[in-house]
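Some notes on the structure that comes next.
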Amino acid sequence: MILQALAFYLFAFVAVASGVMVISSRNPVHSVLFLILAFFNGAGLFVLMGAEFLAMILVVVYVGAVAVLFLFVVMMLDINYVEMRKGFLQYLPVGGLIGLILLVELTFVVGAWVAAPAAGTVASIPIAPPEQVHNTRALGNVIYTDYIYLFQAAGLVLLVAMVGAIVLTLRQREGVRRQSIAGQIGRKRADSIELKDVPRGSGV
Amino acid sequence: MASFTEWIVGWVDWFVTWTFWDSYTGQGTIIVAQVLAVLAPLLLAVAYLTYAERKVIGAMQLRKGPNVVGWFGLLQPIADAAKLLFKETILPAGANRVIFVAAPMVTFILAMIGWAVVPFGEGLVVSDLNVGILYLFAISSLGVYGVIMSGWASNSKYPFLGALRSAAQMVSYEVSMGFVIITVLICVGSLNLTDIVLAQKKVWFAVPLLPMFVIFFISTLAETNRSPFDLPEGESEIVAGFFLEYSSMTFALFFLGEYASMLLMGAMTSILFLGGWLPPFDIAPFNWIPGPIWFFGKIAACMFVFLWVRATMPRYRYDQLMRLGWKVFLPFSLLWVVLTAGFLFAFDLVPNG
């Protein structure tokens, strides 16, 4: 139990500290690397809570794919750091307001949880206790049976976003020579080689 | 003599039932011992994988390979390690020092921690995670960070190009690898690696899922930056790619990490498709050989194909690499997931694990 508490405080502290570093470090690449560290500690917290499936999915999806592309983009950007910092005061009120709203919402959530502990169980679908069912199976049971339509709708939203991104970036250019694999493989000897009997002393 | 045996038995008995093993320190000692029992042979295997690579490729090109240091050149890996240790570590002037030094460590550590969940036999595993295969998949998808960090921190053109190539390549091939893993999982009904191996008691998954086996193997080649997908290194175009600026131990860590992750991918292939520690047939001459030996043999066979491919295939062109990943492997593996799921559902074979 002591080890678990120690691990919790370690993960929580590093997660918060790297969250602070994400917004305060000068170099955007360092920011992304700290973001990855924060994801890792989030995964560690999930493991402590016994949600090992969510922890692994967090690492696979966010760290293994999303953050890689993020890092990719940030490394390619040509940013003037001094100029970027200039707008800090200008954006401070809006950012502060959003932060405040989030804080209030979180307080409501925690407050409701403290005030009426049973409220959550009324609204939610009963999930089998972790001693009986692995959390992968429990999650699958809920997502793929009771909430299948909402889950599929979420997938469709993502699909639309993907199609939109492709439409925005796809452009047809004239005069691009593309490789035609079928054409290459289907080429016969007769199509490409011609034997000519060249008489001596004259050209082809 | 009998009293001596009794004395030994008594000591062993005392040692096994010692209350120290129940304390935190005792548990910690056991875990450290288990980790060392996996990592020490692993590092030795990595050293001799480099030797095997040079010998195998040498034989395929009608050369001798290393044959001077020790008998048949057997001490060559040790000599190489000593040479790398005593070289000077160079930090380029324009490099980002912390990330530059951290990158090889990341590569090496990631290649090591994947082995925590690999079962060498029934119950012979450091940590029997419920989500073992997802853990392995997560670790292998993190391998790209060592490459990207080193490429960026070197502050040099060729490493940066290598890093960008590697990022795109690994993310692309991970997708089809994920689908292959899903196909295996719906045949098993569990994410636990031991369950996956035990589900292959009747027939190895390489037989019913042969196309997926092939796709998985090719994807592991791309995932470990091996030939014919070694564009991140591409010595004929971008010198040595992402580890161009590295020397001495930092270079050695990249080298060790890369070969250890090759071995890890071999282990993953054997677990998912070649029946892990199970013998091919559960009959007399085969099941005399203990499980771990079968497992090592299967990894060695996978490694031989890795080396064989390297000696045979020319390097892919970049657009062909992307085409293969996105336009061939991805649709095919997706189709096969649907087919497998449909087959299992139609014939009422869905496992309830």
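Remarks
Here's the yes/no breakdown for (1) over 20 Å from the mean Cα position of the chain (by Cα); (2) of a type in the set (F, W, Y); (3) assigned to a helix (DSSP H, G or I); (4) under 28 Å from B:L321 (Cβ atoms):
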residue	(1), (2), (3), (4)
B:P119	no, no, no, no
B:E122	no, no, no, no
B:V125	no, no, no, no
B:L129	no, no, no, no
B:S140	no, no, yes, yes
B:Y145	no, yes, yes, yes
B:I148	no, no, yes, yes
B:G162	yes, no, yes, yes
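- For segment B:114-136, the candidate set comprises residues that are more than 12 Å from chain A (Cβ to nearest Cβ) and at pLDDT 85 or above; within that set, the residue that is surrounded by the most Cβ atoms within 10 Å (Cβ to Cβ) is B:P119.
- Residue within segment B:89-98 that is closer than 25 Å to A:L37 by Cβ, within 12 Å of another protein chain (Cβ to nearest Cβ) and assigned to a loop (DSSP other than H, G, I, E, B) present: yes
- Looking only at segment B:137-150, and only at residues there that are under 18 Å from B:R226 (Cβ atoms) and more than 7 Å from chain A (Cβ to nearest Cβ), the one that is surrounded by the most Cβ atoms within 10 Å (Cβ to Cβ): B:S150
- The residues listed here are A:I193, A:I143; of these, the one that is hydrophobic (A, V, I, L, M, F, W, C) and under 36 Å from the mean Cα position of the chain (by Cα) is A:I143.
- Residues in segment B:80-126 that are small (G, A, S) and under 24 Å from B:I299 (Cα atoms): B:A81, B:A111, B:G114, B:A116, B:G121, B:G123.
- Looking across segment A:130-181, the residues that are in a loop (DSSP other than H, G, I, E, B) and farther than 23 Å from A:I57 by Cα come down to A:L170, A:R171, A:Q172, A:R173, A:E174, A:G175, A:V176, A:R177, A:R178, A:Q179, A:S180.
- When the criteria are applied in full, B:F160 meets the requirement of being in contact with a Phe, Trp or Tyr (Cβ under 7 Å, 6 or more places away or on another chain) and without any contact (Cβ under 8 Å) to a residue 12 or more places away in the chain.
- Taken over segment A:50-59, residues that are facing another protein chain (nearest Cβ under 9 Å), more than 13 Å from A:I36 (Cβ to Cβ) and of a type in the set (A, V, I, L, M) amount to 3.
- If you go through segment B:304-336 and keep only what is within 13 Å of chain A (Cβ to nearest Cβ), among the aromatic types (F, W, Y) and more than 12 Å from B:V175 (Cα to Cα), you end up with B:Y316, B:Y318.
- Residue in segment B:220-235 that is in contact with a Pro (Cβ under 6 Å, 6 or more places away or on another chain), of a type outside the set (V, I, T), assigned to a helix (DSSP H, G or I) and surrounded by fewer than 22 Cβ atoms within 10 Å (Cβ to Cβ) present: no
- Looking only at residues of segment A:29-53 that are touching a residue at least 24 places away in the same chain (Cβ under 8 Å) and not in a helix (DSSP H, G or I), we find that the one that is farthest from A:R137 (Cα to Cα) is A:G50.
- Among the residues of segment A:15-32, those identified as surrounded by 18 or more Cβ atoms within 10 Å (Cβ to Cβ) and modelled with pLDDT of 90 or more are A:A15, A:S18.
- Any hit, segment B:178-191, residues being part of a helix (DSSP H, G or I), small (G, A, S) and crowded, with 24+ Cβ neighbours inside 10 Å: no
- Qualifying positions in segment A:18-49 - over 17 Å from the mean Cα position of the chain (by Cα) and within 10 Å of chain B (Cβ to nearest Cβ): A:N27, A:H30, A:V47
- Set B:S190, B:S172: member being within 13 Å of chain A (Cβ to nearest Cβ) and under 30 Å from A:L77 (Cα atoms): B:S172
- Considering B:F213, B:F179, B:F254, B:F243, the condition of being in contact with a Phe, Trp or Tyr (Cβ under 6 Å, 6 or more places away or on another chain) and farther than 30 Å from A:H30 by Cβ is satisfied by B:F213 alone.
- Top-ranked residue of segment B:73-113 - restricted to ones that are under 16 Å from B:F255 (Cα atoms) and of a type in the set (K, R), ranked as surrounded by the fewest Cβ atoms within 10 Å (Cβ to Cβ): B:K83
- In segment B:277-290, the condition of being at pLDDT below 90, surrounded by 17 or more Cβ atoms within 10 Å (Cβ to Cβ) and assigned to a helix (DSSP H, G or I) is met by no residue.
- Evaluation of B:Y158 against (1) within 28 Å of B:A95 (Cβ to Cβ); (2) within 14 Å of chain A (Cβ to nearest Cβ) (one fails), failing number: (2)
- Taken over segment B:335-353, the criterion of being exposed (fewer than 15 other Cβ atoms within 10 Å of the Cβ) and in contact (Cβ under 8 Å) with a residue 24 or more places away in the chain is satisfied by B:V350, B:P351, B:N352, B:G353.
- Any hit, segment B:316-323, residues being outside any helix (DSSP H, G or I), on the phi < 0 side of the Ramachandran plot and crowded, with 17+ Cβ neighbours inside 10 Å: yes
The values are calculated or read from the model by the stated rules, or taken from the named source; none is laboratory data. These numbers come from a predicted model, not from an experiment. FYI the Cβ positions are ideal-geometry reconstructions off the backbone, even for glycines, and counts take in every protein chain you see.
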